[in-house]
Amino acid sequence: MPSLAFASASPRLSLAYGDVLFTECRCPLTALLQVLDMYHGNKAGAVGMTTTGGTESIMMAVRAHKEWAKEAKGITTPHVVLPR
């Protein structure tokens, strides 16, 4: 399994709450690294992320699909169809 790496977006938060942030991030990061290892994504240069659910997860899924459509299909102006 790849080595476990940790980086904080805010150095000030990392200094003040380093142990808490590490504990909070260790479980999702470990799961992500295990999935990358299981599917040999670490050799292909794959990356990933985890979310806590709700709106953020939906927005990240839409964003990922938008980026994929741009690269794979050349769609530069995607449209999202929403129910009324």
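Some points to look at:
- Matching residues in segment 47-61 - criterion: being surrounded by 12 or more Cβ atoms within 10 Å (Cβ to Cβ) and among the aliphatic types (A, V, I, L, M): M60
- Of all residues in segment 42-84 being among the basic types (K, R) and part of a helix (DSSP H, G or I), the one that is farthest from T30 (Cα to Cα): K73
Each reported figure results from applying straightforward, stated rules to the coordinates on display, with no laboratory input. As the structure is a computational prediction, the values presented were derived from the model and not from experiment. Quick reminder, even Gly has a Cβ in these numbers, built from the backbone with ideal geometry, and neighbours come from all protein chains shown.
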